[in-house]
Amino acid sequence: FIHVKTQDSLQVPLFLWAENSYPKHNALATGLQGAYFGIMIVMIFYNLFIYLSVRDLSYLYYIGYISCFTIFQSSMEGYSFEYLWPNNTWWANINIPFLGILSLFFAALFARNMLNTKELLPRLDKVILTVTSTLFIILPIILFGSYKLGIYTALITSFVFFNLILFTAFLAAYKGDRTAKVFAVAWSIFLLGGGIGLLGMLDILPLKYASQTAIQIGSALEVILLSLALADRINLIEREKTEIEAHSKTMLLEANKQLENSLSLIHISEPT
């Protein structure tokens, strides 16, 4: 007889394995988890090194986003409690919604900067700022206030946030922003993985233990695509900067030439 009581969503998957089958399954599952967390950690350090080189805020927000999400996934799989805080049951319970909301907070800052909503979509930018502020306010509620209120507020805000960012990305892509096109694809893949995972958790799709796997595959692909989009954005900014500098140099040379011609005319017109 097993009695389970929790404030969160309830998942108690139980499987019976043959003695020889479980070690093979466990080795495969552990290997897949190692590959996923390996990808995420590599992308964190990769983007950290680039940030230290270019000092672009987009990279800093992005590092915060994927770092929090990686620890969030580690907590969902039980690794954080096993290896990081095995004796702190309070934080083991609180850290999952806290890190989930914190990752969305950084994701909002990153999306706003990446999609250049302040200049390209000023009205939506104000809405994103409002949602970002709400996410920040939820954090202390989860930690020190009503846990149940924090969870419900987080769920509602997260639903609004995911759809808002997707709509903003598609709108920016429609306006011709090249970076937004890659962002829209990456965000769509992440939401697709999250949607499949949610359907598996609700037992609507027969995914058994693949619910978290779908989210992890979607997030890994998203992280890789967004890193490529960031690199392309930096290259685009550098190219535009070079073109502006070249144009300014040409204009300066033309101005100097006109000035020299004017001085020559003045010199010729002077009485001898």
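The values are calculated or read from the model by the stated rules, or taken from the named source; none is laboratory data. Small disclaimer: the values here were computed from a predicted structure and weren't measured. Backbone-built Cβ (ideal geometry, glycine too); neighbour counts: all protein chains shown. Protein only, heavy atoms only, side chains kept; ligands, DNA and RNA dropped before computing areas. Shrake-Rupley method; radii C 1.70, N 1.55, O 1.52, S 1.80 Å.
Mind listing just one residue for me: the one in segment 173-184 that is within 17 Å of the chain's Cα centre (by Cα) and open to solvent by less than 80 Å² (accessible area, probe 1.4 Å) and, of those, nearest to Gly64 (Cα to Cα)?
Phe183
Looking at Phe105, is it within 18 Å of the chain's Cα centre (by Cα) and more than 30 Å from Val12 (Cβ to Cβ)?
yes
Just wondering, is there one or more residues in segment 41-51 that are under 16 Å from Arg233 (Cα atoms), in contact with a Lys or Arg (Cβ under 9 Å, 6 or more places away or on another chain) and at pLDDT below 95?
No; the residues of segment 41-51 include none that is under 16 Å from Arg233 (Cα atoms), in contact with a Lys or Arg (Cβ under 9 Å, 6 or more places away or on another chain) and at pLDDT below 95.
Does Thr130 satisfy the condition of being farther than 18 Å from Gly64 by Cβ and either crowded, with 17+ Cβ neighbours inside 10 Å or touching a residue at least 40 places away in the same chain (Cβ under 8 Å) (or both)?
Taking the combined requirement at face value, the residue does not satisfy it.
Conditions (1) under 18 Å from Leu191 (Cα atoms); (2) touching a Leu at 6+ places or on another chain (Cβ under 7 Å), marked per residue:
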{"residue": "Ala107", "(1), (2)": "yes, no"}
{"residue": "Thr117", "(1), (2)": "no, yes"}
{"residue": "Asp125", "(1), (2)": "no, no"}
{"residue": "Ile137", "(1), (2)": "no, no"}
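So is Ser188 surrounded by fewer than 20 Cβ atoms within 10 Å (Cβ to Cβ), over 25 Å from Ile234 (Cβ atoms) and modelled with pLDDT of 90 or more or not? Write out each step before concluding.
Details: surrounded by fewer than 20 Cβ atoms within 10 Å (Cβ to Cβ): yes; over 25 Å from Ile234 (Cβ atoms): no; modelled with pLDDT of 90 or more: yes.
The answer is no for Ser188.
Table: residues versus (1) without any contact (Cβ under 8 Å) to a residue 60 or more places away in the chain; (2) part of a helix (DSSP H, G or I).
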position: Phe1; (1), (2): yes, no
position: Phe15; (1), (2): no, no
position: Ala18; (1), (2): yes, no
position: Phe49; (1), (2): yes, yes
position: Pro86; (1), (2): yes, no
position: Ala92; (1), (2): yes, yes
position: Gly100; (1), (2): yes, yes
position: Asn113; (1), (2): yes, yes
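Using the structure shown, decide if Gly78 is surrounded by fewer than 18 Cβ atoms within 10 Å (Cβ to Cβ), on the phi > 0 side of the Ramachandran plot and not basic (Lys, Arg). Even if it seems obvious, please write down each step before you answer.
Working: surrounded by fewer than 18 Cβ atoms within 10 Å (Cβ to Cβ): yes; on the phi > 0 side of the Ramachandran plot: yes; not basic (Lys, Arg): yes.
Yes; evaluated as a whole, the condition is true for this residue.
Among the residues that make up segment 145-161, is at least one of them part of a helix (DSSP H, G or I), over 22 Å from Leu60 (Cβ atoms) and within 14 Å of the chain's Cα centre (by Cα)?
Applying the first criterion (part of a helix (DSSP H, G or I)) to segment 145-161 yields 147-161.
Those still in the list that are over 22 Å from Leu60 (Cβ atoms) too: 147-160.
Going one step further and asking which of them are within 14 Å of the chain's Cα centre (by Cα), we end up with 158.
Within segment 145-161 (the criterion being part of a helix (DSSP H, G or I), over 22 Å from Leu60 (Cβ atoms) and within 14 Å of the chain's Cα centre (by Cα)), the answer is yes, since at least one residue qualifies.
Of everything in segment 133-150, what is surrounded by fewer than 19 Cβ atoms within 10 Å (Cβ to Cβ) and modelled with pLDDT under 85? Give them in sequence order.
Gly145, Ser146, Tyr147, Lys148, Leu149
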